[in-house]
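The values are calculated or read from the model by the stated rules, or taken from the named source; none is laboratory data. Remember, it's a predicted structure, so these values are computed and weren't measured experimentally. For neighbour counting, all protein chains shown are included, and Cβ atoms are generated from backbone atoms with ideal geometry for every residue, glycine included. Ligands, DNA and RNA are stripped out before the accessible areas are found, and what is left, the full protein with its side chains, is counted by its heavy atoms. Shrake-Rupley method; radii C 1.70, N 1.55, O 1.52, S 1.80 Å.
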Amino acid sequence: MAIPLVVGIDGSEASLEAVDWAADEAVRHGVPLHLLHAAAGDHDASDVLGAASERARQRAPTVRLSSEALHEDAASALVGRGRNAFALVLGSRGLGDLAEMLLGTVSLAVAARADCPVVVVRGAAEHRDGRFGNIVVGVEEGEGSGTALQFAFREAHVRNCRLTAVHAWNPSSRALTPRPAPSWYAMEAHRRPPSQVLDDALRSPADPYRHARVSPRVIEGPARRALLDAASAADLLVVGARRRQGHPGLQLGLINHALLHHAPCPVAVVPQI
């Protein structure tokens, strides 16, 4: 049995937009869709589940659909379900007048702890509905982007769209930023020109997708700005996240935090394996 795509719902419009995105994604990959409503306390979730289920059926009538309500902390429930999920899909919930910019605490907590890819659905309809025909993936030096690249190539394949691979570099920060003791791979990466870093990173994940339309893009400057600019014409932005040494969860870092809060399109955070 195929593992499901799990979408967290809470009755908000943002979570219903996440249901739409997840329903389309389930169709693309041929996987079941599972709706999860979780909240501490004893309350009736039937209306929330009913509205989300009807929305999913209308959007993707052929997808196998299931739902459940759990009376526990939402982030913990979602992370738990993510241990056996194709991916977790969440809405980007805002506060006050900054609704389009601020990320909900549950979505951020899940993105930082999940064992599977987490997609935070954000942005206007044109970015959520695949109108650009373009996926952007961030590529860093070293070994941290491999799983994210595999995810991005697969997404581009099922959507039959272009993949833009962005590697941003800053010569001054390379020279001035103290780093932990690097692996041999990382030491070699620092001796290579940025274009070669990107070409080398793309080579292995591209093997199963030889006909993929890939646009490598090397940008001198901050990675945050390079990725946000590229995402302005993207249907999905994909970034990797490293495991924290000695602690559970992921090391999202300042760049991933900024992208989750400000990207104009859905963002997929893919744990490094």
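Tabulated data
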| read-out | value |
| --- | --- |
| Which numbered condition Ala124 misses (of (1) closer than 14 Å to Ile3 by Cα; (2) touching an Asp or Glu at 6+ places or on another chain (Cβ under 9 Å); (3) in contact (Cβ under 8 Å) with a residue 40 or more places away in the chain) | (1) |
| Subset tally (residues that are surrounded by fewer than 24 Cβ atoms within 10 Å (Cβ to Cβ) and either at negative phi or not in a loop (DSSP other than H, G, I, E, B) (or both)) for the range 7-20 | 7 |
| Residues (hydrophobic (A, V, I, L, M, F, W, C) and under 18 Å from Arg154 (Cα atoms)) located in the range 8-43 | Trp21, Ala22, Ala23, Ala26, Val27, Val31 |
| Pairs, first farther than 15 Å from Arg162 by Cβ and at pLDDT below 90 in the range 198-219, second open to solvent by 70 Å² or more (accessible area, probe 1.4 Å) and not hydrophobic (A, V, I, L, M, F, W, C), C-beta under 8 Å, six or more apart | Pro205/Gln150 |
| Options Val139, Val121, Val110; residue that is crowded, with 23+ Cβ neighbours inside 10 Å, at pLDDT 95 or above and within 17 Å of Asn256 (Cα to Cα) | Val121 |
| Residue in the range 24-35 that is farthest from Ser53 (Cα to Cα), counting only those that are buried (at least 23 other Cβ atoms within 10 Å of the Cβ) and touching a helix residue (DSSP H, G or I) at 6+ places or on another chain (Cβ under 7 Å) | Leu33 |
| Subset tally (residues that are in a loop (DSSP other than H, G, I, E, B) and not charged (D, E, K, R)) for the range 126-164 | 9 |
| Some residue of the range 49-56 being farther than 19 Å from Arg128 by Cα, out of contact with any helix residue (DSSP H, G or I) (no Cβ under 9 Å at 6 or more places or on another chain) and open to solvent by 60 Å² or more (accessible area, probe 1.4 Å) | yes |
| Meets criteria (of a type in the set (A, V, I, L, M, F, W, C) and buried (at least 21 other Cβ atoms within 10 Å of the Cβ)) for Ala40 | no |
